[in-house]
Amino acid sequence: FDAHLAQAENLTSLFVAIYDGVFRIRELAMCTIGRLSNLNPAYVMPTLRKVLIQILTELEYSGMGRNKEQSARLLGHLIANAPKLVKPYQAPILKVLTPKLKEAGTNPNIIINIMAAIGELA
């Protein structure tokens with residue numbers, strides 16, 4: 001079934017799901033697209049790279065705790081499911097994640113998701 005999903009016309013629908021209003025759908029789309037990145041890297045990688053940058057930007061600059069928590073969780077899914085994409089960006093990812101662990105008054109759920117993402121990098 002993955003070979004069918006990895007075709008460009010089907011991936012387009014999955015890329016739309018990354019921006020869905022329901023977070024659970026975004027999570028599942030991220031996991032699925034990450035998994036498909038090995039089957040059709042030429043089509044998947046540029047978009048996932050853009051999504052990675054968006055996630056890191058939101059983690060670094062968002063003022064809302066919920067956005068940071070969701071971004072950290074999505075980042076963890078991306079790291080777990082698309083390791084070839086993430087490997088060259090490990091240093092910038094850590095550069096964004098580690099200061100968030102030291103921030104005073106950070107929501108514990110954000111820290112848990114950041115720790116999980118760092119664990120996926122290891």
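The values are calculated or read from the model by the stated rules, or taken from the named source; none is laboratory data. What you see is a predicted model; the values in this text were computed from it and never measured. Cβ sites come from the backbone with ideal geometry, for glycine too, and all protein chains shown count toward neighbours. Keep in mind that these areas ignore ligands, DNA and RNA; they rest on the heavy atoms of the full protein, side chains included. Shrake-Rupley method; radii C 1.70, N 1.55, O 1.52, S 1.80 Å.
Some points to look at:
- Cross-chain or 6+ apart pairs with Cβ under 7 Å, segment 1-25 first and closer than 15 Å to Asn38 by Cα, then of a type in the set (A, V, I, L, M, F, W, C) and open to solvent by 50 Å² or more (accessible area, probe 1.4 Å): Asp2/Leu39; Ala3/Leu39; Ala6/Leu39
- The residues of segment 70-118 that are under 15 Å from Ile53 (Cβ atoms) and either modelled with pLDDT under 90 or basic (Lys, Arg) (or both), listed by number, are Leu85, Lys95.
- Residue identified as more than 17 Å from Ile111 (Cα to Cα) and under 12 Å from the mean Cα position of the chain (by Cα) among Leu78, Leu74: Leu78
- Scanning segment 1-32 for residues being touching a helix residue (DSSP H, G or I) at 6+ places or on another chain (Cβ under 8 Å) and modelled with pLDDT under 90 gives a total of 8.
- Residue match in segment 51-69 (condition: among the basic types (Lys, Arg) and either over 29 Å from Asn10 (Cα atoms) or crowded, with 18+ Cβ neighbours inside 10 Å (or both)): yes
- Subset tally (residues that are basic (Lys, Arg) and out of contact with any helix residue (DSSP H, G or I) (no Cβ under 8 Å at 6 or more places or on another chain)) for segment 49-100: 4
- Any hit, segment 88-110, residues being surrounded by fewer than 18 Cβ atoms within 10 Å (Cβ to Cβ), among the small types (Gly, Ala, Ser) and closer than 15 Å to Gly65 by Cα: yes
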